[in-house]
1. Stretch residue 107-residue 120 to full length: gain in nm at 0.36 nm per residue minus the Cα-Cα span?
2. Could you tell me which of 87, 116, 12 has its Cα farthest along the dipole of the chain towards the positive end, charges placed at Cβ (Lys, Arg +1; Asp, Glu -1), taken about the Cα centre?
3. With charges only on Cβ, +1 for K and R and -1 for D and E, what is the dipole size of the chain about its Cα centre, in debye, rounded to 20?
4. Any idea what angle helix 133-152 forms with the longest principal axis of the chain, computed on alpha-carbon atoms, 0 to 90 degrees, nearest 10?
5. Tell me the angle of helix 27-39 to the major Cα principal axis of the chain, expressed in degrees between 0 and 90 and rounded to the nearest ten.
6. Between residue 145 and residue 79, how high is the FRET efficiency from 1/(1 + (r/R0)^6) when r is the Cβ-Cβ distance and R₀ = 41 Å? Nearest 0.05.
7. Which of 104, 64, 22 ends up with the largest GNM mean-square fluctuation for the chain, with Cα atoms connected below 10 Å?
8. Could I get the Rg over Rh figure for the chain? Both from C-alpha atoms, Rh via Kirkwood, rounded to two places.
Amino acid sequence: MCLRLLTARARTRAELEAQLAKRGYPDDVSTRVLDRLAHVGLVDDADFAEQWVRSRRLNAGKGKRALAAELRNKGVDDEVISAALAGIDAGAERQRAEQLVRDKLRRETLAGDDDAKVMRRLVGMLARRGYHQSMAFDVVSVELASERERRSV
């Protein structure tokens, strides 16, 4: 059953353990199977966390807070999460937020009086993706001013 689950996508040890318990396998059998899978390299939470962080940052534009929450929900230990997120510095996180806002602003129609509405929508988008509110507000302010200037030329 574990091999079938791992065929679809990589999984954490906790996810596999939960599936085995759900199917009624005894704890000692589950532990032996998972230890064997870890020994041969098929279950590795650290590798899973690194791949998850890389993929979700690139494809979904997630911030560090959202990534940490997702990994915690998947049963990854806090120290493994910290190690996986260590490669993301504040500058890289800000650059990703700026890119997300720029992409959204290009599709926006900016009327003269709707800055507050656009600001609220974009800050909310960043907040849902796990970016800090103060940084999100700053990024949106700068990018909105830049987009208005670009369009006026």
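The values are calculated or read from the model by the stated rules, or taken from the named source; none is laboratory data. Worth saying up front: this structure is predicted, and the values here are computed from it rather than measured. In this analysis, Cβ positions are derived from the backbone assuming ideal geometry, glycine residues included, and neighbour counts consider all displayed protein chains. For the accessible areas, the whole protein counts, side chains as well, though only heavy atoms, and no ligand, DNA or RNA atoms are used. Shrake-Rupley method; radii C 1.70, N 1.55, O 1.52, S 1.80 Å.
1. Gain in length upon complete extension: 3.1 nm.
2. Looking along the dipole axis, the top candidate is 116.
3. 640
4. Taking the Cα atoms of the chain, the angle to 133-152 is about 40 degrees.
5. Approximately 70 degrees, to the nearest ten.
6. Values: r = 41 Å, r/R0 = 1.00.
Given R0 = 41 Å and the Cβ-Cβ separation, E is 0.50.
7. Top of the fluctuation ranking is 22.
8. 1.16
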